[in-house]
Amino acid sequence: MKLEIDHNSSIPLHVQVEDLLRKMIALPEYQEGKLLPNELKLSRQLGISRNTLRQATNKLVYEGQLLRKKGVGTVVSKPVDSKAKNWMSFSQEMKSKGVKVMNYSMKLDWEIPPSEVINFFGIPEKSRVLKMERVRGDVKNPFVYFISYFNPAIGLTGEEDYTMPLYDMLEKEHSVIAKLSIEEITAMAADDMIAEKLKVKTSYPILKRKRFVYDPGRRPVEYNIGYYKSDSIVYTVESEREI
């Protein structure tokens, strides 16, 4: 592909560069992981300032199309697609996409949860529930921080095998079937704690997903919050209109 822009065009340079980058990253070699040309080299080749190039690149990074790797370069981002229909545990989601999951950290503790969790489970105030925190990702880097609270009625002890897919474990060891998931999805900026967990800068864009999980009798099972790096997931909602 010939890398050039028209300096005599009325179209702003950064818009032309953005369009050029979009065409570049659609090419098979970049989809397969080839690094984009070095900023200095590409700006000289195009006859533009590095600031103009960075303006276009930053937009694609913000959209999740590109990923900057410190000390390596810029590559096409490979987001994970998570469909809301026929939902699964995180491990099952990743397995279906061919992503090998790693636990970067896991912590189990009994504590008094926030009031919204107390209200969700319908349990007395100051009840202690099992809380699980996990930082998970692929073999290259962490990309999601989970906080899960479990209904005390399940009878969890904290000694279960949490290396298993969560909902498989609940069904196998406690005869609890996770049937219904109701979710809330919002965008936010990473605070200091989340930034440290996911190894990103403070204010990095994050997708926050709350998941309320019920059994077939609509009894609450799990209150889950997931904080995803914005460049690691594409969230697809499939809906069908009645006619």
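State the number of residues belonging to region 16-75 that are part of a helix (DSSP H, G or I), without any contact (Cβ under 8 Å) to a residue 12 or more places away in the chain and under 14 Å from Ile5 (Cβ atoms).
Residues that pass the stated criteria total 4.
Quick check on Ile5: is it closer than 24 Å to Ile206 by Cα, surrounded by 14 or more Cβ atoms within 10 Å (Cβ to Cβ) and outside the structural domain of Lys199 (by TED's automatic domain parsing)?
no
Among strands (runs of 3 or more DSSP E) lying entirely in region 147-243, which contain 1 or more residues that are surrounded by fewer than 14 Cβ atoms within 10 Å (Cβ to Cβ) and touching a strand residue (DSSP E or B) at 6+ places or on another chain (Cβ under 9 Å)? Explain how you work it out, then say what you get.
Details: elements: 180-189, 205-214, 220-229, 233-236.
Result: 180-189, 233-236.
Go through (1) under 19 Å from Val101 (Cα atoms); (2) within 23 Å of the chain's Cα centre (by Cα); (3) touching a residue at least 12 places away in the same chain (Cβ under 8 Å) and name the single condition Lys140 misses.
(3)
Please work out which residue is modelled with the highest pLDDT, limiting yourself to region 1-15 and to residues that are outside any helix (DSSP H, G or I) and within 17 Å of Leu66 (Cβ to Cβ). Even if it seems obvious, please write down each step before you answer.
Filtering region 1-15 for residues outside any helix (DSSP H, G or I) gives 1-12.
Imposing the further condition that a residue be within 17 Å of Leu66 (Cβ to Cβ) reduces the set to 1, 3.
Details: Met1: 75, Leu3: 85.
Taking the candidates together, the pick is Leu3.
Would it be correct to say that Ile233 is farther than 18 Å from Ile118 by Cα and hydrophobic (A, V, I, L, M, F, W, C)?
Answer is yes for this residue.
Looking at (1) basic (Lys, Arg); (2) within 25 Å of the chain's Cα centre (by Cα); (3) exposed (fewer than 13 other Cβ atoms within 10 Å of the Cβ), which is the only condition Lys41 fails?
Lys41 satisfies all of (1) basic (Lys, Arg); (2) within 25 Å of the chain's Cα centre (by Cα); (3) exposed (fewer than 13 other Cβ atoms within 10 Å of the Cβ) except (2).
Among the residues in region 169-177, are any touching a residue at least 40 places away in the same chain (Cβ under 8 Å), under 19 Å from Pro220 (Cα atoms) and among the small types (Gly, Ala, Ser)? Lay out the reasoning, then the answer.
Restricting attention to region 169-177, the residues satisfying the condition of being touching a residue at least 40 places away in the same chain (Cβ under 8 Å) are 170, 176.
Filter once more, so that each one left must be under 19 Å from Pro220 (Cα atoms): 170, 176.
Those left that are additionally among the small types (Gly, Ala, Ser): none.
Taking every residue of region 169-177 in turn, none turns out to be touching a residue at least 40 places away in the same chain (Cβ under 8 Å), under 19 Å from Pro220 (Cα atoms) and among the small types (Gly, Ala, Ser).
Within region 167-191, take every residue that is closer than 20 Å to Gly226 by Cβ and either among the hydroxyl-bearing types (Ser, Thr, Tyr) or not assigned by TED's automatic domain parsing to the domain that holds Val221 (or both) and give me the one that is modelled with the highest pLDDT.
Thr186
Of all the residues that make up region 93-129, how many are over 20 Å from the mean Cα position of the chain (by Cα) and closer than 17 Å to Met164 by Cα?
1
Please specify each residue of region 125-139 satisfying the condition of being surrounded by fewer than 16 Cβ atoms within 10 Å (Cβ to Cβ) and either at pLDDT 90 or above or more than 19 Å from Glu93 (Cα to Cα) (or both).
Glu125, Lys126, Ser127, Arg128, Glu133
Mind listing whichever residues of region 51-76 are under 19 Å from Asn141 (Cβ atoms) and of a type in the set (D, E, K, R)? Can you show your working first?
First pass over region 51-76, keeping only residues under 19 Å from Asn141 (Cβ atoms): 61-62, 64-76.
Listed by number, the residues that qualify are Arg68, Lys69, Lys70.
The values are calculated or read from the model by the stated rules, or taken from the named source; none is laboratory data. Quick caveat, the model's predicted, so the values are computed rather than measured. Cβ: placed from backbone, ideal geometry, glycine included. Neighbour counts: every protein chain shown.
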